[in-house]
Amino acid sequence: MSSDTSEVGRKATQAEPTITVERDGEIAIFRLNRPDRLNAFTLQMGEELRAAFDETDADDSVRAVVLTGTGRAFCAGADLEAGGSTFDASSVVEGNEVPADEGGKLTLRMFASLKPVIAAINGPSAGVGVTMTLPADVRIASEDAKFGFVFAARGLVPEAASSWFLPRLVGLPTALQWTVGAKMVQVDEAHERGLIQQVVPKDKVLETAIAVAREMTANSAPVSAALTRQLLWRMAGAPSPLDAHHADSKAIFYRGQSGDVYEGVMSFLEKRPATYPNKVSEDLPDIF
């Protein structure tokens, strides 16, 4: 794995970056990098992660993103260094406008990603440390991982648009049980209920996630992968299959004319690997 890192956060702030970005070939790896604070989430971290997703969306050499943590935890949740006022944003309100939830800004950006996202959850996570993983397409967890849906025990409610994401992943009864009960969910239960797709030894989490990312993208046209991800996520909340039909029809129409489809069909007929010519940065049709 490459040891090169990109200090994405310097674009948004002059403070020491809270994440690093590495490359393993065509896979970008985002590491939460505050191990002394168990990678606790800050406003700066959210900004840096959103900027990193902007970069990977624009970089056609990136096929997928893996999100993981540095050290023994994935993310301990929001940094509580400010004490009881940690979540009080009243001082930044202008007029009657309610400020946007920072966790939601991140998960909406992940939701819009043009590249598949795999979460490599390398240890315990809580609060936003859990909810930031919900828009990932796959979640791989270490054997010592656990998931704290502890919002109600802190006087809060689930954030980061998790009231939309979580029931779609684990079902409404499980989502209610975990969140209303402020439950700390052990990894076996998380796996059984569908939050986690695979549990592996701690030292295998990242390599497994990279392998899954590579498996998801190795044979797929990049533009088709981007559209497929968006179709499945967006249609999960559509009121009718008719909405999916309209979106599918546009996607099939525009893709059917593309060089990717010609190459995909001919490579199949000629029994050779495909070399897809279209680029996400240039050739992604607007079907929504």
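The numbers here are math on the coordinates, done by the rules we state, and not lab data. What you see is a predicted model, and the numbers here were worked out from it, not measured in a lab. Cβ: placed from backbone, ideal geometry, glycine included. Neighbour counts: every protein chain shown.
First measure r as the distance between the Cβ atoms of Asp54 and Ser249, then evaluate 1/(1 + (r/R0)^6) with R0 = 25 Å and state the FRET efficiency to the nearest 0.05. Once rounded, the FRET efficiency stands at 0.25.
Summarised as an ellipsoid, the range 167-234 has semi-axes of 28, 19, 7 Å, derived from the eigenvalues of the Cα gyration tensor scaled by 5 and square-rooted, with the largest first. The value given for the range 39-148 is a Kirkwood hydrodynamic radius of 14.9 Å, derived from the mean inverse Cα-Cα separation.
One way to sum up the overall shape of the range 222-283 is the equivalent ellipsoid from its Cα gyration tensor, whose semi-axes run 26, 12, 10 Å, largest first. Between Arg72 and Val93, the simple label model (points 7 Å from Cα in the Cβ direction) yields a spacing of 4.0 nm.
Among the lysines of the chain, pairs that are 8 or more positions apart or on different chains and have alpha carbons within less than 22 Å of each other number 9.
Dimensions of the range 90-238 from C-alpha coordinates, computed as largest minus smallest value along each principal axis and given longest first, are 51, 34, 28 Å. Here is how the number arises for the chain: DSSP H runs of 4 or more residues each give -39500 (n - 2.57), the sum is divided by the residue count, and the result at 222 nm is -11500 deg cm²/dmol.
Note on Arg272 and Ala238: the model spin-label points, each 7 Å out from Cα along the C-beta direction, lie 3.6 nm apart. For the chain, the fraction of C-alpha pairs more than 26 angstrom apart is 46%. Using only the C-alpha atoms, the convex hull of the range 14-56 corresponds to 75 Å³ per residue.
Using the alpha-carbon positions of the range 126-198, Rg (one decimal) and Dmax (whole number) come out as 10.9, 32 Å.
Orientation-averaged projection of the range 203-248 equals 4.1 nm² [convex hull of Cα atoms, one quarter of hull surface area]. Computed over the range 154-279, the Cα gyration tensor eigenvalues convert (square root of 5λ each) into semi-axes of 36, 22, 10 Å, ordered from largest to smallest.
Bridges between two residues of the chain, per DSSP, are antiparallel at a rate of about 30%.
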